[in-house]
1. Can you tell me the dipole magnitude for the chain around its Cα centre, using point charges on the Cβ only (Lys, Arg +1; Asp, Glu -1), in Debye to the nearest 20?
2. So, R0 is 22 Å and r is the distance between the beta-carbons of Trp381 and Glu163; what FRET efficiency does that work out to, to 0.05?
3. Just name one of Ile47, Pro263, Gly338: the one whose Cα is farthest towards the positive end of the charge dipole of the stretch 9-417 (beta-carbon charges, Lys/Arg +1, Asp/Glu -1).
4. Taking K and R as +1 and D and E as -1, what net charge do the other residues with C-beta under 14 Å from the C-beta of Gly401 add up to?
5. When only DSSP loop residues count, what chymotrypsin sites (Phe, Trp or Tyr not before Pro) in the stretch 13-108 have their Cβ near at most 13 other Cβ atoms within 10 Å?
6. Quick one: Kirkwood hydrodynamic radius for the stretch 258-343, alpha-carbon pairs, angstrom, one decimal?
7. Given R₀ = 30 Å, FRET efficiency for Arg13-Glu45 by Cβ-Cβ distance, to 0.05?
8. Would you report the distance distribution of C-alpha pairs in the chain as whole percents per 20 angstrom bin, up to the bin with the largest distance?
Amino acid sequence: MLASLVGLTGNARAAIWTEPMWGLSMALVLPYASVFMLALGVPDEQIGLVATVGTVSQVGFGLLGGVITDKLGRRATTAVFDIVAWSIPCLIWAFAQNFWWFLVAAVVNGAWQVTQNSWDCLLVEDADRAEIPRLYSLVKVAGDCSAIFAPIAALLVAQYGLEPAVRILYLNAAVIMTGKVALLYRWSTETRTGRLRLEQTRGVSTWRLLAQYRGVLGLILRSRGTLFSLALSAVVAAVTLVNGTFWQVAVNQRLGVADALLPFFPLVRSVLSVVLFFTVIPRLTHVLNLRRPTLWGFVVYLAGQLLLVAIPAGGDGPTASTYVLLGVCLLLDAFGAGILFMLTESLVALHVDRDERSRVMAIQRTCVMLVVAPFGWISGWLSGMDRAWPFVLTSGLLVLGLVLAARFWVTTHHEEMAAATDAP
């Protein structure tokens, strides 16, 4: 892992080495996002609705993502839509007063699905296919390392209170994310496939390119591997949406953990994830077949969600045993979420048609978001009744993912090539 990090070149180096800037911007404020809404009088159901509307927005932007990426190029698309998706919504969040501000920001923030497509293409299109799982491991590690800045948020909340501190953090995020965009644009170059698609789409209307999605959809429907990776991605994305929206709410409102302590939970989870990515996870994923580590990921993640549900909510606030059990939850989540992020992203990239990567991945992400969209509202409705219930839902989803991986696994091209190389 260290050798891969030091040896990165080209776009992979630009993308991964700028990723820790996420920690000085969005990672500081995300632990407070839902609690901030509660503090402004937004109830659980409306928090869930904001998550669902944001996901629906991602569906629309995701559908356009492939066309935009091909028309503007991977590099320019990432720069323009990162500003739209992060810098602008951060300013809206910083001055938010009620539910409607958060709703508007969620709609604009949905543009990140465009950059998710273009950024992925920028990361992997010029890379060796065999290196793709390792690249996504480094992306996860870079994101996790960014959590070391979490104490900054805790100090601000302790000093100024929740609402003023979160507004400051959102303003900070707008500035830092803009700087991240500028550095990535400066250090990256357009990919070979990107230059080819720029030539092929020059003079072709957006509507005509959208109409061509019919043929791309056929590529997806004819590929068992693509459909399989899409299903796993949808399960993991739904669990991620629910956890990202309500984990902090459950810890804060159900278990009574103080506001100032909330950023330390992502910090601990991220530190554990980094340690696991440099120790256990490479040993599990450095195999020909990725099926077994995927199964382990679902099992361990499921254990963490069930344990969170089982932690008793004491009326007198959290006890020492509460923090111990939360620590175990964080360990299980760090392993499960970490390995599943890396493997599901890698499976999508490994199964995709290389010549149609941007459009295929755009449709895939659109389909995933369509499936995931209702889970924001559903989890908000469940949280309004009992703040442990959203994690009963995620547990069921992880059981579904476990069954899919166990019974319907499709071998990747990478696994087939590796097996052929090792054959006598």
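Throughout, read-outs are computed from the coordinates displayed, never taken from laboratory work. These numbers were taken from a predicted model, which means no experiment stands behind them. Don't worry about glycine lacking a Cβ; one is built from the backbone with ideal geometry, like all the others, and counts go over all protein chains shown.
1. Values: 29 positive and 25 negative charges, 170 e Å.
The dipole of the chain has a size of about 820 debye.
2. Numbers: r = 26 Å, r/R0 = 1.17.
Given R0 = 22 Å and the Cβ-Cβ separation, E is 0.30.
3. Gly338
4. On the way: positive: Arg291, Arg407; negative: none.
Residues near Gly401 contribute +2 overall.
5. Passing both the DSSP loop test and the Cβ count: Phe95.
6. Details: mean 1/r = 0.0724 Å⁻¹.
After inverting the mean inverse Cα-Cα distance, the result is 13.8 Å.
7. Working: r = 44 Å, r/R0 = 1.47.
Approximately 0.10, to the nearest 0.05.
8. 26, 61, 12, 0
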